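To start, the structure itself, in structure tokens.
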Amino acid sequence: MLNSNALRKLDMQDLMVFSAVYEQSSVTDVSEALCVSQSTVSYCLKKLRTCFEDELFINTRTGMRPTGKAEGMYDHVRTILQSINLCHAGAPIFDPTRQAITFNICAPEYFEHLILPHLLQGFDYANLPVVVNVHRLEADIPAEELRDGSLDLVIGFGPNVHRDHADFKTRQLLEEDLVCVVDKRATPLEPQLSLQSFVRRRHVFATPWTSASNRVDGWLSRQAQQRQIAARANSYSAALKMITGTDFILTLPRRIQKLLANEAIFNHHEAPMGLPGFTLDMQWNPALDQDSANAWLREQIIKACAHATPDRH
């Protein structure tokens, strides 16, 4: 709000005249610099003097001398004019071909296997000076790092896998379901596993963070069932090696199974009916919603997800 109704009568030209008279000390020079008549400059000065209840500039032999009030106003008026220019120009547009940049993303192994390669291939093809640092996703979203700008984006799982943070923007990137992988030499199983067959076999549990269970175990618990865990692995690749030469089952995201589970070594079977899948979600700080570099990165990730989403079956 304005402190005085008189301030409403001022416009940008009045402020430009004030700034120019302060800098040039001559009404004639100001009229030429601003391409307005001397009478217009005089009219603007009259409005300014009335509004601020001060002479502002005194006509002397050496030119227009600012009063003490005008000297105190000058920096503020310049800031106003600069701010208006920034509003007109808008935020600077990020140009990845000219500006080297490093992005910090917190993401699970799923993202590193499936999405990140497509992202980096695009950067390499366009010869972009872009660096991507991936930080390991733990059981909870690193909320403080996202809030303080240490992280540009967080990629996580949903729905209801991580604790919800209502102050973040979220976009779903893709949906995924689960399949069961076994060694080709393992005891044969039906094409779609029954719940009984699923819990009868021992399992290798690939987990991206320290946890006693995951969505699979939560679902089994709701069915009054429990699976037998033979081993826990820190990566999908290690889990696949662990089931080689055994009857163990490994439950994998379907796209990861297609990517990593060599069909010459492994068979896959449809998971028991009702076993829930998950979503891959992208979260960011709303303060970066209009940041052109962050918006560009989000757009590239969405495009990479489209390339990484072939026919699921």
Using modelled amide H (1.01 Å from N, peptide plane; none on Pro or chain starts), what sits under 5 Å from the amide H of H135, excluding residues fewer than 5 places away?
I105, C106, A107
Would you mind telling me the antiparallel percentage of the DSSP bridges in the chain, rounded to 5?
60
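Looking at region 1-148 only, what percent of DSSP beta bridges run antiparallel? Nearest 5 please. Don't skip to the answer; put the middle values down first.
Values: 4 of 11 bridges.
If we restrict to bridges inside region 1-148, about 35 percent are antiparallel.
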What are the ³J(HN,Hα) values, in whole Hz, obtained from phi via the Karplus relation 6.51 cos²θ - 1.76 cosθ + 1.60 with θ = phi - 60°, for each residue of region 60-76 in sequence order, with x given for Gly and Pro?
10, 4, 9, x, 7, 9, x, 7, x, 5, 4, 4, x, 7, 4, 4, 5
Please list the non-local residues whose amide H lies under 5 Å from the amide H of F94, H modeled 1.01 Å from N, same-chain partners needing a gap of 5 or more.
S292, A293
Alpha carbon centroid spacing (whole Å) that separates region 8-51 from region 239-313:
64
Along the principal axes of its C-alpha atoms, what lengths does region 161-252 span, in descending order and rounded to whole Å?
49, 29, 24
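For region 173-291, what proportion of DSSP beta bridges, expressed in % and rounded to the nearest 5, is antiparallel? Walk me through the intermediate numbers first.
Numbers: 12 of 20 bridges.
For region 173-291, the DSSP antiparallel bridge percentage is about 60.
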Please list, in chain and number order, the residues 5+ apart from I229 or on another chain whose amide H is under 5 Å from its amide H, with Hs placed from the backbone.
H203
Determine ³J(HN,Hα), in whole Hz, for all residues of region 99-115 in sequence, where each value follows from phi through the Karplus function 6.51 cos²θ - 1.76 cosθ + 1.60 and θ = phi - 60°; x replaces Gly and Pro.
10, 5, 8, 10, 9, 10, 10, 9, 7, x, 4, 3, 5, 5, 6, 9, 9
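Stokes-Einstein D for region 1-78 at 10 °C, 1.306 mPa s, Kirkwood Rh over Cα pairs, in µm²/s?
Working: Rh = 12.6 Å.
Roughly 126 µm²/s, to the nearest whole number.
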Could you derive backbone 3J(HN,Hα) for region 230-245 from the dihedral phi with the Karplus parameters 6.51, -1.76 and 1.60 (θ = phi - 60°), listing whole Hz in sequence and x where the residue is Gly or Pro?
8, 6, 10, 10, 8, 8, 5, 4, 5, 5, 5, 5, 5, 8, 5, x
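For the chain, compute Rh as the Kirkwood radius over C-alpha pairs and then the Stokes-Einstein diffusion coefficient at 37 °C and 0.692 mPa s; write the answer in µm²/s, rounded to an integer. Don't jump to the answer; show the numbers that get you there.
Values: Rh = 24.8 Å.
In µm²/s, the coefficient rounds to 132.
Taken together, the values in this text are just the output of simple stated rules run on the coordinates, not laboratory data. Since this is a predicted model, take the numbers as computed values, not measurements.
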